[in-house]
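Only the coordinates and a few stated rules stand behind these numbers; no lab work does. Everything numeric in this text was worked out from a predicted model, so none of it was measured. No Cβ is skipped: glycine too gets one built from the backbone with ideal geometry, and neighbour counts run over all protein chains shown.
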Amino acid sequence: MSSGSGSLPRYIAQRLLLMIPMIWLIVTMVFILLRVAPGDPVTAAVGGKLNEEALDARRAALGLDRPLIVQYLDYLGDIATLDFGKTISDNRPITSIIVDNGGATLSLTIGAFAFALLMGIPLGLLAGRYRDSAGDVVIRIFGVVSYAAPIFFIGLLMQIWVAGPLGLPTSDIASPITKFQVEPVTHILLLDAIIAGDTESTVDVLKHHVLPCFTLGLLLSGVFIRLVRVNLLMTLKGDYVEAARARGIPERYVIRRHAFRNALVPVITVLGLQVALTLSGALLTESTFNWPGLGTQLIDYLTARDYAAVQGLVTFFAVVVVVVSLLVDVINAAIDPRVRY
Amino acid sequence: MLNRLLAPFRNTTGLARWILVTGIVITIAFVVMAVFAPWLAPLDFNQQKVDGVKLPKLAAPSDDYWFGTSDQFYDVFSRVIWGARTALVVVTLSVLFSVLIGVPLGLISGFVGGWTDRMLVFVMDALYAFPTLLLAIVFSFLLRDALGGGVTAAALSLTVIYIPQYFRVVRNTTVSARESTYVEAARAIGAKNSSIMGRYLFGNVIQSVPVIGTLNAADAIGTLAALGFLGFGIQPNEASEWGYDLNRALDDASSGIWWTALFPGLAIVFLITGLTLVGEGLNETVNPSLRKRRIRKVEMPPNEPTTALVEGRTR
Amino acid sequence: MTELYDAPVAARDDNAPVIDAQDIRIWYGSERGPVKAVDGVSFSLRKGEILGLVGESGCGKSTIGRGLLGLLPPGAEMDGALRFKGEDLLALPKKEMFAKRGAELGMIFQEPLTRLNPLMRISEHFEETLRTHEKSIGKEEIQRRALEVLRLMGIPPTRYRSYPHEFSGGMRQRLMIALALVLRPAFVVADEPTTALDVLVEAQIIRILHSLRSEFETSLLLITHNLGIIAEACDRVAVMYAGEIVEIGDAREVFSDPQHPYTRELLRSTISLSTTGLNFIPGAPPDLVNPPTGCHFHPRCPDAMNICATRHPVQHAMPNGTRVQCWAADLAHGRAPDLTEDDTAPLVREEISVADEA
């Protein structure tokens, strides 16, 4: 915290260095859990379908007949070059799954965050500003319940009661015809439709986004409401707020300029902490809305008992969580002049 | 003893007390449902026939079947009641397990320090960074081979998620308590190391555990349901589980069948809300700094300067 | 009654008080009943005068400072008469009070480290303050005036666009003073301005505060528990005990010839180079919900008489010009002619002797 000691680039370098052991540990844990613990993954995935020689050939092809330590070092080397391995059941590179299905997960989570911020920040500020009023109580109950309600339950209710009247689709990221028509460029369907200049497809994709994004966003908005409200209450008690009042700064200006602004800064940090929650939420949202993202892929491979695929995808998720947390910290350091050490 | 149990009530006022009481009432309602499920539920959780006659499939709520029936010929009302038992058993077990593992680990880490501490903190941080649901899925996926898809496997998969939280809180409290003066004082009067650890620190730490425990229980209900919804939870032949029922309801949603989704879903929402409210209420009593001091109106007697009064008498 | 107070004799002349407080009471609500943080306090300040307000922590001195600026927390009640340049501040609408704060009434706080918004540059603090009170002020004028006060506080103009965390504690307190003075308020409350700072910086801040009267003609209420600061910087001093002013007068008179036993004990408990032992006043500051009957100080007073435990003393002027609220002082200077022999017999206190034996 001491002033002026660290420049931003130095801070980023420090954080990057700290990130490497963390990723190493997670990767190792995933390896132990999914590669060492369960026994032979090939038998688990395709056991009944092939004879023993074919299974041996599969093991050899995947390098599973080598000593575990060799496999482990090999695996570490692969991760370092961003190669997450291949599936056993359909022999597909994990990287290609990430490219093909990652876009759907990305657009889902971004949309959800947009909803969450749009609902959560104003409601949280309102509740904190008018503490203990009827509005505060209602907003707080909404916050608790939206956090308590499981995503798939909200998703189900949306499908039963909301989708029909609003004419919104309840499944998949787009109609089959749209998927067929839009050329994959970025692998984010919404962007691809916009790039193609196809209004009809764009609207179709957008419509498909509404319910899943809202459902996931609702969960996150509860987090933001609580956070923003508590932050605002704390800043309103802050010494510099009192000092500003003592200089005659009018109350509404004190609240807008000193309290709101300072209450919103930690939101960015928490945004980073919510990456894990968002990922869990996305997994459930995808299952509920049959969304073709990475979550459904993971569930499919889990059901197929494809350990290699699960290992690759779980490693990828873990790396994403760590990297995004780092990014958020860096953004935070760039915004808040105090954070640098 | 009773005094200590009632302390949270007496220490809170207004909204905080209201929150605590509402939470406790909701939670107790579910505990009653869980304990008395065999008497409260008209049918068994996996009963499809009454007197040899199969239940109707997907019947809407009626006098016979209050919450309707499901696509598997189950009575939804009975499933919801039995589900409370499953949820509470699993959650109690998992919170118990994680306390039993997390608290001692945290105490050891904080008290021993050095490399043990560093390694444990490192591993726990890595576990904590992991998306909880993903962790639970992976563990239930692995435990299924060893333990089957029952209550124990589910409880153990949830346990893994919550260990780091207890570890963190206990370790941090231990470290700061170790430094603080009263432990020093205990050393000075010649208390043994083990008794310092046992009495002073544990007493200090034990305060925050109920709060985390309740909040974790709330979270665990959601995670258990999520596991069930994704098909990695408790198998339907083992026990009635709300998340699994919601998964089944997904297929009926498009045809406008709402009762198979609404009732188990509401049960989850209520139980989580109840437990969260209890946790929040406890938190406010344990951390008085969160509490807002109630503003009391001041009645000032009319300003007759005491000086003038006494003045009159002295002259 | 008129002889009781420094009365506003010639209200319009230059000697008229800037701040005139009469019988101020500030009570807080609490579970146990009202906390009488300030209970019947009167004083006044002339232009350019520095009044030191001294007392133990929890005696109500900070509450007065906040009360004068209308910065009391919700749940506090205040009454009495508070005039600023003849205008009744307590009757002022909230909005006009806001306009007065910063422009005519300033405040300097105890902890400078947390009093500046960490996300705002120093320049932004000045812009905000000046714009609030002078709507049409231009950017260049803001900078010119801000840099002028900053120069007086010894802050180089190159630091104008820095963030608060880039300054040391002493510099931040100078920034706070600059911010409080940029609008040249006629009256400033400084609430323990040096308590959080180290001794060298303390001396520097006190010098700055002392020079305010020549630079700005500001009247200053300097709240502190440090008698050294009072002796160094103040013209007059008011000693507070349990929500009341027990002695007020010329600083040199009060220090050289303290009339109230509390003032005397307070002076004795100050460490100086000549002291050999460490003096302290036995007992704890009184409970402000149920203060002791009679004189609030009697349970701790070495000179306590029987009357002190039963009747509240009245403030009287002493021959040296100070005003004191004490039966013993009254007796010594013939201000309490009708006291009986029993009244003036030394008070017997059992609890103290028990404590001595222990």
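A few points about this structure:
- Among beta bridges from DSSP that stay inside chain C, the antiparallel ones total about 60%.
- Filter on C:K95/C:K135; C:K36/C:K95; C:K61/C:K94; C:K85/C:K135; A:K237/C:K100; C:K36/C:K61 - keep pairs with C-alpha separation over 19 Å: C:K36/C:K95; C:K61/C:K94; C:K85/C:K135; A:K237/C:K100
- Net +/- balance of residues flanking B:A261 in space, Cβ distance below 14 Å, scoring K and R +1, D and E -1: -2
- Nitroxide proxy distance, nm - points 7 Å out along Cα→Cβ at A:A61 and A:D90: 1.5
- Most to least packed among A:211-224, C:173-186 [average Cβ atoms within 10 Å]: A:211-224, C:173-186
- By DSSP, the beta bridges lying fully in the protein assembly as shown are antiparallel in about 65 percent of cases.
- If you take the alpha carbon atoms of chain C and fit the smallest convex hull around them, that volume is 167 Å³ per residue.
- Reduced Cα scattering model of the protein assembly as shown, Debye log10 I(q)/I(0), q = 0.10 Å⁻¹: -1.25
- A convex hull fitted to the Cα coordinates of chain A yields 184 cubic angstrom per residue.
- If you model the stretch B:40-270 as an ellipsoid using its alpha carbon gyration tensor, with each semi-axis the square root of five times an eigenvalue, the axes come out at 46, 17, 13 Å, biggest first.
- Per the Debye calculation on the stretch A:41-117 with a single equal scatterer at every Cα and no solvent contribution, log₁₀ I(q)/I(0) for q = 0.19, 0.22 Å⁻¹ amounts to -0.89, -1.03.
- Among the residues of A:281-293, the average count of other protein chain beta-carbon atoms within 10 Å of the residue beta-carbon is 2.
- Chain C - percent relative contact order, Cα under 8 Å, separation 6 or more: 18
- Cut-off 14 Å between beta-carbons: net charge of the residues surrounding C:G169, Lys and Arg +1, Asp and Glu -1: -3
- Averaging Cα coordinates gives a centre for the stretch A:178-222 and one for the stretch C:109-144; these two points are 47 Å apart.
- Evaluating kT/(6 pi eta Rh) at 20 °C and 1.002 mPa s, with the Kirkwood radius of the stretch C:106-235 over Cα pairs in the Stokes-Einstein relation, gives 144 µm² s⁻¹.
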